Amino acid sequence: MPFDWRAVTDKVNGIAVKTFGEVERVLFMPASGATPYAVDGIFDEAFLDLSVIDGVQVATVQPRLGIQLSQFTVPPAQDDQLQLIRTGAVYVVREARLDGWGGGGLMLNLVSGGNG
């Protein structure tokens with residue numbers, strides 16, 4: 001019987017999200033206009049992204065939401081929005097970085113501030 005790595009990684013992703021995720025769920029609002037729904041996620045307001053551009057290391061700090069893909073009805077994509085219920089802040093997805101194993105990160109841009 002073959003080993004189901006996807007099921008194992010989904011379970012691990014779920015444990016990480018439940019352990020380190022937002023206390024209050026995140027409202028996910030698809031750009032398609034589909035009905036918004038709540039998901040769990042690990043929010044990091046100051047995620048450090050490193051890249052090399054023309055041989056020079058460039059570091060940017062940006063908000064990011066770590067996700068478990070199985071919580072989404074369709075994979076998240078650029079221009080989807082989400083609201084952190086805890087703060088009321090609304091973000092737009094700049095880039096969805098899916099890891100191929102049921103998890104990933106949504107690189108975000110702030111749309112409107114919340115109550116802290």
Some residue of region 16-36 being in contact with a strand residue (DSSP E or B) (Cβ under 8 Å, 6 or more places away or on another chain), free of Cβ contacts under 8 Å to residues at least 12 places away in the same chain and either more than 20 Å from residue 83 (Cα to Cα) or aliphatic (A, V, I, L, M) (or both): no
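Residue-by-condition table, conditions (1) within 30 Å of residue 4 (Cβ to Cβ); (2) exposed (fewer than 13 other Cβ atoms within 10 Å of the Cβ); (3) under 14 Å from the mean Cα position of the chain (by Cα); (4) modelled with pLDDT under 95:
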site: 48; (1), (2), (3), (4): no, yes, no, yes
site: 53; (1), (2), (3), (4): no, yes, no, yes
site: 71; (1), (2), (3), (4): yes, no, yes, yes
site: 82; (1), (2), (3), (4): yes, no, yes, no
site: 86; (1), (2), (3), (4): no, no, no, yes
site: 93; (1), (2), (3), (4): yes, no, yes, no
site: 98; (1), (2), (3), (4): yes, no, yes, yes
site: 112; (1), (2), (3), (4): no, yes, no, yes
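Based on what the data block shows, is residue 41 touching a Lys or Arg at 6+ places or on another chain (Cβ under 9 Å) and either at pLDDT 90 or above or among the hydroxyl-bearing types (Ser, Thr, Tyr) (or both)?
Values: touching a Lys or Arg at 6+ places or on another chain (Cβ under 9 Å): yes; either at pLDDT 90 or above or among the hydroxyl-bearing types (Ser, Thr, Tyr) (or both): yes.
Yes; evaluated as a whole, the condition is true for this residue.
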Among residues of region 55-69, those that are assigned to a strand (DSSP E or B), of a type in the set (A, V, I, L, M, F, W, C) and modelled with pLDDT of 85 or more, counted: 2
Restricting region 36-46 to residues that are more than 14 Å from residue 108 (Cα to Cα) and out of contact with any Ser or Thr (no Cβ under 9 Å at 6 or more places or on another chain), the residue that is most open to solvent (accessible area, probe 1.4 Å): 36
Qualifying positions in region 1-35 - surrounded by 11 or more Cβ atoms within 10 Å (Cβ to Cβ), among the hydrophobic types (A, V, I, L, M, F, W, C) and within 16 Å of residue 89 (Cα to Cα): 26, 27, 28, 29
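The values are calculated or read from the model by the stated rules, or taken from the named source; none is laboratory data. All values reported here derive from a predicted model rather than from experimental measurement. Quick reminder, even Gly has a Cβ in these numbers, built from the backbone with ideal geometry, and neighbours come from all protein chains shown. Note: accessible area is taken over every heavy atom of the protein model, side chains too, but ligands, DNA and RNA are not part of it. Shrake-Rupley method; radii C 1.70, N 1.55, O 1.52, S 1.80 Å.
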